[in-house]
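Structure, as structure tokens:
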Amino acid sequence: MLQVNTLFIMIASILVLLMTPGLAFFYGGLVNRRHANNMLLTVFMMCGLAVIFWIVVGYSLSFSGNHWGIVGNLRNFLMINVPIDAVTKTGIPVGDYTMFMMMFAIITPAIFCGSVVGHGRFNFLVIFTICWSILVYYPLVHMVWAPQGLLAKLGAVDFAGGLVVHVNSGITALILSAWVGRRKEINAHHNNLSWVLIGTALLWIGWYGFNAGSALAVNDTAIQAMLTTTISCSTAMVTWMMLDRHHFNHVTLASACNGAITGLVAITPSAGYVTLGGSIIIGMIGAIISQSFIVNIKPHLPIDDVVDAFGCHGLSGIWGGIATGIFASHQISKQVPNGLLFGGGFHLFISQIFVTLLTIIFVAVMDIVLIKILTIVLPVSVDNKRLVAVRSKNI
């Protein structure tokens with residue numbers, strides 16, 4: 001059984017890695033042609049950058065030791081003294097688990113990077129991503145998924161990364177796009193809708209590794225996660241299409257793909273813990289929340305999130321985390337108590353709201369502090385660069 005589970009996680013890791021080029025296609029198809037190649041590079045570079053830093057300090061800060069329940073230590077710097085062939089408590093080799101977690105470290109910054117392509121400076125984004133990984137992502141992994149983590153001790157339930165990946169990247173995308181400001185010229189035309197569809201398909205396929213793989217074994221939980229992932233995605237896609245039909249009297253391919261992504265995001269925190277009926281409601285409400293924000297609220301805000309990373313990932317991730325406290329079923333998984341709907345009372349529901357709020361506050365505060373420090377030495381937006389050039393010329 002150990003060999004079967006090991007192979008399962010290896011395949012799941014490959015599927016999660018597939019999500020990053022899928023995201024590159026998805027984002028690259030949504031932006032205008034002028035910025036398409038820049039978007040592809042910005043997203044795909046995480047396959048190099050995030051891997052290096054995960055091996056150098058990421059694994060150690062996430063899972064080695066414990067400081068105040070917030071972050072680990074550097075005793076496993078460069079993964080020194082990490083027995084990759086040793087078997088973890090979940091029954092798979094340490095090296096296998098490390099590879100799986102590495103894929104999460106790649107896709108998370110790739111999600112928010114796309115939000116400012118076209119009006120954010122590439123150099124700033126690279127430096128920000130490195131610092132953000134060390135100061136925000138690795139500590140949050142420790143807090144949620146390490147046994148000694150602060151949020152884990154507070155009862156956080158996050159099956160496959162609702163808090164760690166989607167709320168984290170969504171809030172970061174919101175703050176980054178607000179800080180960079182609006183583009184002077186906004187081209188509403190998509191570069192290539194075929195790319196959008198291909199990217200969505202790759203993300204959907206890869207999400208099975210993301211969610212089912214988080215069971216860390218070939219078992220009933222993995223099967224449940226595959227089913228709920230499929231159902232939530234499909235429900236959200238159809239819901240978004242119906243909303244667009246109602247509001248605009250037509251349906252677009254881009255909106256259908258956005259709907260599918262919101263369903264995948266919304267089910268992520270609870271994929272192995274909820275019933276099939278629960279996954280329908282989670283996907284439906286996730287699509288309603290995200291579509292309503294993007295259509296009715298975002299146009300009135302001083303932000304320019306190019307690919308709606310906050311609207312799709314941030315808001316659906318927040319809803320999915322809270323929904324876990326409503327729809328989790330102890331009958332489906334012995335790892336969680338019953339949620340509000342199954343007679344578990346308000347304990348898990350309130351706990352999920354609390355840890356979600358703490359995650360939002362932690363990420364927002366750290367992002368703001370990090371951006372303010374970096375802006376001392378680096379211009380953030382393309383307009384800043386032009387402004388500096390003009391001033392230098394005048395001097």
Q: Take K298, K153 and order them by how many other Cβ atoms sit within 10 Å, fewest up front.
A: K153, K298
**Q.** Placed amide H near A328: partners under 5 Å, 5+ positions off or other chain
**A.** G339, L340
**Q.** Binned Cα-Cα distances of the chain, short to long, each 10 Å bin given as a whole percent
**A.** 5, 24, 35, 25, 9, 2, 0, 0
Q) Using θ = phi - 60° and the Karplus curve 6.51 cos²θ - 1.76 cosθ + 1.60, what whole-Hz ³J(HN,Hα) does each residue of the range 216-231 get, with Gly and Pro shown as x? A) 6, 6, 7, 8, 5, 5, 5, 5, 4, 5, 5, 5, 5, 4, 5, 5
Q: Which order do the peptides 157-166, 373-382 take when ranked by the mean count of other beta-carbon atoms within 10 Å per residue, highest first?
A: 157-166, 373-382
Q) Say R0 is 22 Å: what FRET efficiency, to the nearest 0.05, do I297 and L357 get from their beta-carbon distance? A) 0.65
Q: Would you mind working out the magnitude of the charge dipole of the chain relative to its Cα centre, with +1 at each Lys and Arg C-beta and -1 at each Asp and Glu C-beta, to the nearest 20 Debye?
A: 960 debye
(Q) With a cut-off of 8 Å between alpha carbons and a minimum separation of six or more residues, what is the relative contact order of the chain in percent? (A) 21 percent
Q | Filtered trypsin sites (Lys or Arg not before Pro), the range 1-98: DSSP coil and at most 11 other beta carbons within 10 Å | A | R75, K89
(Q) For a quick check of your reading of the filter: which chymotrypsin sites (Phe, Trp or Tyr not before Pro) in the range 21-76 sit in a DSSP loop and have no more than 14 other Cβ atoms within 10 Å? (A) W68
Q | Net charge of Cβ neighbours under 15 Å - reference N192; Lys, Arg +1; Asp, Glu -1 | A | +2
Q. Sorted by packing (mean other beta-carbon atoms within 10 Å per residue), highest first, where do 301-313, 245-257 land?
A. 301-313, 245-257
**Q.** Most positive-pole-ward Cα, I285, P302, M143, against dipole of the chain from beta carbon charges
**A.** P302
(Q) Can you give me the long-range amide H partners of S381? Hydrogens built in the peptide plane at 1.01 Å from N, cutoff under 5 Å, separation of 5 or more residues or another chain. (A) R121
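Where nothing but the Cβ of Lys and Arg (+1) and of Asp and Glu (-1) is charged, how large is the charge dipole of the range 149-280 around its Cα centre, in debye to the nearest 20?
The calculation lands at about 340 debye.
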**Q.** Rg(Cα) / (2.2 N^0.38 Å) computed for the range 1-134, rounded to two decimals
**A.** 1.17
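Helix-derived [θ] at 222 nm for the chain: sum -39500 (n - 2.57) over DSSP H runs of at least 4, divide by residue count, nearest 500?
-20000 deg cm²/dmol
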Q.
In whole Å, what are the extents of the range 240-395 along the principal axes defined by its C-alpha atoms, from largest to smallest?
A. 71, 41, 22
(Q) Through the Karplus equation 6.51 cos²θ - 1.76 cosθ + 1.60, θ set to phi - 60°, convert the phi angles of the range 11-25 into ³J(HN,Hα) values in whole Hz; use x for Gly and Pro. (A) 5, 4, 4, 5, 5, 5, 4, 4, 5, 5, x, x, 5, 4, 5
Q) If we count every other residue with Cβ under 13 angstrom of A217's Cβ, Lys/Arg +1 and Asp/Glu -1, where does the sum land? A) -1
Q: Search the structure for amide H atoms under 5 Å from the amide H of A271, placed 1.01 Å from N in the peptide plane, and list their residues when 5 or more places away or on another chain.
A: F159, A160
Q: Can you tell me what the convex hull of the Cα atoms of the range 103-219 projects to on average, as an area in nm²?
A: 9.1 nm²
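Read the figures in this text as sums done on the coordinates, not as results from a lab. As the structure is a computational prediction, the values presented were derived from the model and not from experiment. Neighbour counts run over all protein chains shown; Cβ positions are idealised from the backbone, glycine included.
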